[in-house]
């Protein structure tokens, strides 16, 4: 069974008298442990699709099944639970709390997970930071870290709940090419450990790290090809 199943998905925005179709009938299926890049020019719908898969937005019409469950039938508390436990988010701008240490930033998603005791949170956050090679930077705040280290903290935060899916929106966009490649090696390793990774990027060499590239154009899938 597919982990993610999108069927004839539309997202339509009304801008005054103009109708903008951000997604215009997208259907795509992603299996567990797949590594997929989503590409397309600005305005093609790739970030909209990412937001829908991440349960951050709802489609105008169409169906989205996550692990066989129709997301449209979930209550808000169920959606919040899915966002917190099943999906890890990595953003281009890192989205770290500037006055908090790396450790506190990584602990943050665990605070919203009622099944995890306070005594467990620190141990889980330390483990996540060690997985991304930052075991010696746990007490550092974001302004004491390089761009690559800040993105590693963001990746650790995405991993800390052991999510099935990692959604990464332009994760190398604010990094130089060498540091970007280091982050992509980290994603390659995470895939080998069993994560499903969906990566939005406009850079071809970054997309080629994935097993499959889905290209969007004008809210539709223009191409869906395997890289290996």
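The values are calculated or read from the model by the stated rules, or taken from the named source; none is laboratory data. Everything numeric in this text was worked out from a predicted model, so none of it was measured. Neighbour counts run over all protein chains shown; Cβ positions are idealised from the backbone, glycine included.
Scan the range 135-146 for residues that are buried (at least 16 other Cβ atoms within 10 Å of the Cβ) and within 21 Å of residue 177 (Cβ to Cβ) and jot them down.
145
Of all residues in the range 189-207, how many are more than 23 Å from residue 43 (Cβ to Cβ) and in contact with a strand residue (DSSP E or B) (Cβ under 8 Å, 6 or more places away or on another chain)?
5
Hey, can you tell me all the residues within the range 1-10 that are under 28 Å from residue 191 (Cβ atoms) and surrounded by 13 or more Cβ atoms within 10 Å (Cβ to Cβ)?
The answer is 2, 3, 4, 5, 6, 7, 9.
Look through 24, 95, 33 and report the one residue that is under 30 Å from residue 136 (Cβ atoms) and in contact (Cβ under 8 Å) with a residue 24 or more places away in the chain.
95
Test residue 26 against the stated conditions and say whether it is closer than 19 Å to residue 166 by Cα, in contact with a strand residue (DSSP E or B) (Cβ under 9 Å, 6 or more places away or on another chain) and either at pLDDT 90 or above or not in a loop (DSSP other than H, G, I, E, B) (or both).
Judged against the criteria, residue 26 is not a match.
Here are the criteria: (1) within 30 Å of residue 8 (Cα to Cα); (2) free of Cβ contacts under 8 Å to residues at least 24 places away in the same chain; (3) surrounded by 17 or more Cβ atoms within 10 Å (Cβ to Cβ). Tell me which single one residue 73 does not satisfy.
Just one mismatch for residue 73, condition (3).
Across the range 50-70, which residue is nearest to residue 7 (Cα to Cα) among those that are without any contact (Cβ under 8 Å) to a residue 24 or more places away in the chain and assigned to a strand (DSSP E or B)?
It comes out as 70.
Among the residues of the range 149-160, is there at least one that is part of a loop (DSSP other than H, G, I, E, B) and either within 18 Å of the chain's Cα centre (by Cα) or surrounded by fewer than 20 Cβ atoms within 10 Å (Cβ to Cβ) (or both)?
yes
Here is a yes/no grid of residues against (1) modelled with pLDDT under 90; (2) out of contact with any strand residue (DSSP E or B) (no Cβ under 7 Å at 6 or more places or on another chain); (3) under 23 Å from residue 183 (Cβ atoms); (4) assigned to a strand (DSSP E or B):
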site: 5; (1), (2), (3), (4): no, no, no, yes
site: 11; (1), (2), (3), (4): no, no, no, yes
site: 36; (1), (2), (3), (4): no, no, yes, yes
site: 48; (1), (2), (3), (4): no, no, no, no
site: 80; (1), (2), (3), (4): yes, yes, no, no
site: 94; (1), (2), (3), (4): yes, yes, yes, no
site: 98; (1), (2), (3), (4): no, yes, yes, no
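Which of the strands (runs of 3 or more DSSP E) contained wholly in the range 162-228 include at least 1 residues that are under 14 Å from the mean Cα position of the chain (by Cα)?
Here the list reads 165-169, 196-200.
Can you name every residue in the range 193-228 that is loosely packed, with under 12 Cβ neighbours inside 10 Å and modelled with pLDDT of 90 or more?
204, 223, 225, 226, listed by residue number.
Sort out which residues of the range 105-126 are in contact (Cβ under 8 Å) with a residue 12 or more places away in the chain and part of a helix (DSSP H, G or I), and write them in order of number.
Once the filter is applied, which keeps residues that are in contact (Cβ under 8 Å) with a residue 12 or more places away in the chain and part of a helix (DSSP H, G or I), the range 105-126 yields 105, 106, 107, 108, 109, 110, 121, 122, 124, 125, 126.
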